[in-house]
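Quick one: this structure, given as structure tokens, is what I'll be asking you about.
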Amino acid sequence: MAKKEVDDRFKKFGTVSFTAITKTNDFISHLEDGKIMGTKCKECEAVYFPPRSDCFKCLNSNMEWFEVTGTGKLLSFSELQYGPVGFEKDLPYIIAILDYGFHKVFGRISDDIPYDGLKVGMELQTVPNTLSNGQLNYVFKQP
Amino acid sequence: MGKVGIIGVGQSKFVRGFAGSIRELAFEGFKEALVDAKIQTKDIDASIIASAPEYDKQRSSAGVVAEYLGLIPQPTFYIETVCSSSSTALKVAYSMIKAGLHDVVAIVGFQKMSEISSNESQERMGRGADIQWESPFGTMMPAYYAMYAQAHMAKYGTTGEDLAKIRVKAATYGQINDKAVYRKPVTMDMFTDPKSNMSSPVAKPLRVGDCCANADGSSCVIVASEERAKSLCDKPVWILGIGAASETVNMAGRDLFTGLNVGIEAGRQAYKMAGITSKDIDIAEVHDCFTIAEMMAYENLGFAKTGEGKDLIAGKETYKEGSIPVNVDGGLLSKGHPIGATGGSQIRTIVLQLRGEAGEMQVKDPELGLVHNIGGVGLYGNVTIMGR
């Protein structure tokens, strides 16, 4: 009997992924294609980032993908001097949140921007990134 | 429907590396509350056990703890909202009594942070957020609160010096609280001295000195119906207002980064239920897991206007002699933060203050006290208002 195929694409997300199976696994394929994608409910047009497979507003699961493009405003950031297990080699690194107006994106600042080069309110863009261990995430860069 | 009164409070010493098991730790807080209430175990007709289960090796700890405390065969169950678990349990106990199902309920909160190795602990901390979308970026508790500090600094001009003043206050009272884990003084100079650990960055802009002290500990609050409280206790403290709220786990779902929505909403509900405003509060315990958390609590609870928390601490208004004393037991920063025990310990402090039994930490004649207990990074929030 053929072995059942398991779609565990999400285990590629981030330095350490804690999730393997999700209905939003296509996010990883889009990331591999160079796109950061959120979801939008086809019924009520609610926009979700991070993407969801179910709309809590109208209870539909009829979603479509939209691409995060342009720049967002830096709302806040912090540089970590200590990290959880598995993140030691990344240290120090900066986590941050961008405001795109109709949704926000939480992620990391690109390694080429130092902590002192950041200012709340500055415009940054979200781009796909391959980590040194081969895993995928996305980072915020200067446009 | 009658009121609900607190008839007994207790807590263990908060320590590093408690030399005993979780049930033995829970016993210490429970025994003190039982002695304080001058009742016997058989007088308690239900118990609620609160902790954060990821630190426990024991699965479903409620049964094991209740058995050890002699609370079998009365019903027992477990409540968890991370750092606000025991104040959530208080709300549930209040509801059970109000519903007429029970007359006397014990809330036992505990946490043995040292139950697991520091490596295991670090691993669990990595899963403290949304594990699908945020933890893969390497998030940590201090970094999330640091983002709130960064946003508060950018918007209101708050500085590291302002935050350090909150830590200095906490240490002032930690020194006189014999239950506190951190008993040493902290001075403003330490935050500018590169040789002091206090100035060492953890998650910029927060430093070691901005972070609370990990500890093992337990707490217990015993509540009773009005009738039972009056018959069992000379000085019951009444629960006058309870508010609770929740927030998105994911930062991308939030609209406020300079305050905690759960603190604002839970406070609003509690003030409304008690029929009072922030000006009526004589003493407060707020969730100072980080200095910035206390600063935001001043503003979210209405002790200071938004953005003016720094003026409140600069004027020493939250010291014992000030207009609104806050965390005069050392707070989470110095007393320590054993997750599941913290809310109960905050309640205990306010109850002792309202009864005039807080010793060296006693504030002059308070009538109304408030407890603000937050779970996660503003994920859950409970505000409880009590009076004599």
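The values are calculated or read from the model by the stated rules, or taken from the named source; none is laboratory data. The model shown is predicted, which means the values in this text are computed figures rather than measured ones. Cβ placement follows ideal geometry from the backbone for every residue including glycine, while neighbour counts extend to all protein chains displayed.
Would you pick out the residues in the range B:173-215 that are over 29 Å from B:ILE116 (Cβ atoms), within 14 Å of chain A (Cβ to nearest Cβ) and either touching a Pro at 6+ places or on another chain (Cβ under 8 Å) or assigned to a helix (DSSP H, G or I) (or both)?
The one that is over 29 Å from B:ILE116 (Cβ atoms), within 14 Å of chain A (Cβ to nearest Cβ) and either touching a Pro at 6+ places or on another chain (Cβ under 8 Å) or assigned to a helix (DSSP H, G or I) (or both): B:SER199.
Would a scan of the range B:353-362 turn up a residue that is surrounded by 24 or more Cβ atoms within 10 Å (Cβ to Cβ) and touching a Ser or Thr at 6+ places or on another chain (Cβ under 7 Å)?
Pass one, the range B:353-362, residues surrounded by 24 or more Cβ atoms within 10 Å (Cβ to Cβ): B:353-354.
With the extra rule that they be touching a Ser or Thr at 6+ places or on another chain (Cβ under 7 Å), the set shrinks to none.
Taking every residue of the range B:353-362 in turn, none turns out to be surrounded by 24 or more Cβ atoms within 10 Å (Cβ to Cβ) and touching a Ser or Thr at 6+ places or on another chain (Cβ under 7 Å).
Residue-wise test of (1) out of contact with any strand residue (DSSP E or B) (no Cβ under 7 Å at 6 or more places or on another chain); (2) among the β-branched types (Val, Ile, Thr); (3) not assigned by TED's automatic domain parsing to the domain that holds A:SER132.
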position: A:LYS23; (1), (2), (3): yes, no, yes
position: A:MET37; (1), (2), (3): no, no, yes
position: A:CYS44; (1), (2), (3): yes, no, yes
position: A:PHE49; (1), (2), (3): no, no, yes
position: A:LEU75; (1), (2), (3): no, no, no
position: A:LYS89; (1), (2), (3): yes, no, no
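Consider only pairs whose beta carbons are under 8 Å apart and that are at least six residues apart or on different chains; among these, list those whose first residue lies in the range B:109-134 and is within 29 Å of B:GLY10 (Cβ to Cβ) and whose second residue is among the aromatic types (Phe, Trp, Tyr) and assigned to a helix (DSSP H, G or I).
Pairs found: B:GLN111/B:TYR55; B:LYS112/B:TYR55; B:MET113/B:TYR55; B:GLU115/B:TYR55; B:ILE116/B:TYR55; B:SER121/B:TYR55; B:ARG124/B:TYR55.
So, B:GLY322, is that one outside any strand (DSSP E or B), within 16 Å of the chain's Cα centre (by Cα) and small (Gly, Ala, Ser) or not? Don't jump to the end; show me each part of the working.
Details: outside any strand (DSSP E or B): yes; within 16 Å of the chain's Cα centre (by Cα): no; small (Gly, Ala, Ser): yes.
No: the conditions fail for B:GLY322.
Tell me which residues, restricted to the range A:55-81, are more than 11 Å from every other protein chain (Cβ to nearest Cβ) and hydroxyl-bearing (Ser, Thr, Tyr).
A:SER61, A:THR69, A:THR71
Just one of B:LYS305, B:LYS230 is modelled with pLDDT of 95 or more and in a loop (DSSP other than H, G, I, E, B); which is it?
On the way: B:LYS230 fails: in a loop (DSSP other than H, G, I, E, B).
Only one candidate qualifies: B:LYS305.
Let me ask something else about it. Does the range B:115-128 include one or more residues that are buried (at least 23 other Cβ atoms within 10 Å of the Cβ) and within 25 Å of the chain's Cα centre (by Cα)? Walk me through it before giving the result.
First, the residues of the range B:115-128 that are buried (at least 23 other Cβ atoms within 10 Å of the Cβ): none.
No, there is no match, as no residue in the range B:115-128 is buried (at least 23 other Cβ atoms within 10 Å of the Cβ) and within 25 Å of the chain's Cα centre (by Cα).
Under the condition of being among the small types (Gly, Ala, Ser) and more than 16 Å from the chain's Cα centre (by Cα), which residue from the range B:290-319 is nearest to B:LEU352 (Cα to Cα)? Quick ask: steps written out before the conclusion?
In the first step, residues of the range B:290-319 are kept if they are among the small types (Gly, Ala, Ser); the result is B:293, B:297, B:302, B:304, B:307, B:309, B:314-315.
Of the ones still in play, those that are also more than 16 Å from the chain's Cα centre (by Cα) are B:302, B:304, B:307, B:309, B:314-315.
Details: B:GLY302: 24, B:ALA304: 25, B:GLY307: 31, B:GLY309: 26, B:ALA314: 27, B:GLY315: 26 Å.
Among those that are among the small types (Gly, Ala, Ser) and more than 16 Å from the chain's Cα centre (by Cα), it is B:GLY302.
From B:GLU308, B:GLU294, B:GLU265, B:GLU299, which residue is acidic (Asp, Glu) and surrounded by 24 or more Cβ atoms within 10 Å (Cβ to Cβ)? Steps first, answer last, please.
On the way: B:GLU308 fails: surrounded by 24 or more Cβ atoms within 10 Å (Cβ to Cβ); B:GLU265 fails: surrounded by 24 or more Cβ atoms within 10 Å (Cβ to Cβ); B:GLU299 fails: surrounded by 24 or more Cβ atoms within 10 Å (Cβ to Cβ).
Of B:GLU308, B:GLU294, B:GLU265, B:GLU299, the one residue that is acidic (Asp, Glu) and surrounded by 24 or more Cβ atoms within 10 Å (Cβ to Cβ) is B:GLU294.
Could you please let me know if B:GLU161 is part of a helix (DSSP H, G or I), in contact with a helix residue (DSSP H, G or I) (Cβ under 8 Å, 6 or more places away or on another chain) and without any contact (Cβ under 8 Å) to a residue 40 or more places away in the chain? Before the answer, list the steps.
Numbers: part of a helix (DSSP H, G or I): yes; in contact with a helix residue (DSSP H, G or I) (Cβ under 8 Å, 6 or more places away or on another chain): yes; without any contact (Cβ under 8 Å) to a residue 40 or more places away in the chain: yes.
So B:GLU161 fits the description; yes.
Hey, another quick one. Every residue in the range A:27-54 that is more than 14 Å from every other protein chain (Cβ to nearest Cβ), surrounded by 14 or more Cβ atoms within 10 Å (Cβ to Cβ) and in a helix (DSSP H, G or I), please.
Within the range A:27-54, A:HIS30 is the sole residue that qualifies.
Okay, next question. Which condition from (1) within 22 Å of B:GLU80 (Cβ to Cβ); (2) within 8 Å of chain A (Cβ to nearest Cβ); (3) in contact (Cβ under 8 Å) with a residue 40 or more places away in the chain is the one that B:ALA143 breaks?
Unmet condition: (1).
Any residue in the range B:70-82 that is within 26 Å of B:LEU232 (Cα to Cα), away from chain A (no Cβ under 14 Å), at pLDDT 95 or above and touching a Gly at 6+ places or on another chain (Cβ under 7 Å)?
Yes, that holds for at least one residue.
Is it true that B:GLY267 is in a loop (DSSP other than H, G, I, E, B) and either within 14 Å of chain A (Cβ to nearest Cβ) or touching a helix residue (DSSP H, G or I) at 6+ places or on another chain (Cβ under 7 Å) (or both)? Let's see the steps before the verdict.
Numbers: in a loop (DSSP other than H, G, I, E, B): no; either within 14 Å of chain A (Cβ to nearest Cβ) or touching a helix residue (DSSP H, G or I) at 6+ places or on another chain (Cβ under 7 Å) (or both): yes.
Against the criterion (in a loop (DSSP other than H, G, I, E, B) and either within 14 Å of chain A (Cβ to nearest Cβ) or touching a helix residue (DSSP H, G or I) at 6+ places or on another chain (Cβ under 7 Å) (or both)), B:GLY267 does not qualify.
Oh, and also: Listed residues B:ARG167, B:ARG124; which is among the basic types (Lys, Arg) and over 26 Å from B:ASP189 (Cα atoms)? Even if it seems obvious, please write down each step before you answer.
Numbers: B:ARG167 fails: over 26 Å from B:ASP189 (Cα atoms).
On inspection, the qualifying residue turns out to be B:ARG124.
Within 10 Å of chain B (Cβ to nearest Cβ), of a type in the set (A, V, I, L, M), touching a helix residue (DSSP H, G or I) at 6+ places or on another chain (Cβ under 7 Å) and assigned to a loop (DSSP other than H, G, I, E, B) - does that describe any residue in the range A:82-103?
Yes, there is a match, as at least one residue in the range A:82-103 is within 10 Å of chain B (Cβ to nearest Cβ), of a type in the set (A, V, I, L, M), touching a helix residue (DSSP H, G or I) at 6+ places or on another chain (Cβ under 7 Å) and assigned to a loop (DSSP other than H, G, I, E, B).
On to the next question. Which of the residues belonging to the range A:115-137 are assigned to a loop (DSSP other than H, G, I, E, B), more than 13 Å from chain B (Cβ to nearest Cβ) and surrounded by 15 or more Cβ atoms within 10 Å (Cβ to Cβ)?
none
Of the residues B:GLU54, B:GLU24, B:GLU67, which single one is modelled with pLDDT under 95, farther than 21 Å from B:GLU285 by Cβ and either part of a helix (DSSP H, G or I) or basic (Lys, Arg) (or both)?
Values: B:GLU24 fails: modelled with pLDDT under 95; B:GLU67 fails: modelled with pLDDT under 95.
So the residue among B:GLU54, B:GLU24, B:GLU67 that is modelled with pLDDT under 95, farther than 21 Å from B:GLU285 by Cβ and either part of a helix (DSSP H, G or I) or basic (Lys, Arg) (or both) is B:GLU54.
Let me ask something else. So is B:SER219 in a helix (DSSP H, G or I) and either more than 14 Å from chain A (Cβ to nearest Cβ) or surrounded by fewer than 22 Cβ atoms within 10 Å (Cβ to Cβ) (or both) or not? I'd like the intermediate steps shown before the answer.
Working: in a helix (DSSP H, G or I): no; either more than 14 Å from chain A (Cβ to nearest Cβ) or surrounded by fewer than 22 Cβ atoms within 10 Å (Cβ to Cβ) (or both): yes.
No.
Going through the range B:83-119 one residue at a time, which ones are part of a helix (DSSP H, G or I) and either within 14 Å of chain A (Cβ to nearest Cβ) or of a type in the set (Lys, Arg) (or both)? Break it down into steps so the answer makes sense when it comes.
Just the residues of the range B:83-119 that are part of a helix (DSSP H, G or I), to begin with: B:85-98, B:113-115, B:118-119.
Matches in the range B:83-119: B:LYS91, B:LYS98, B:SER118, B:ASN119.
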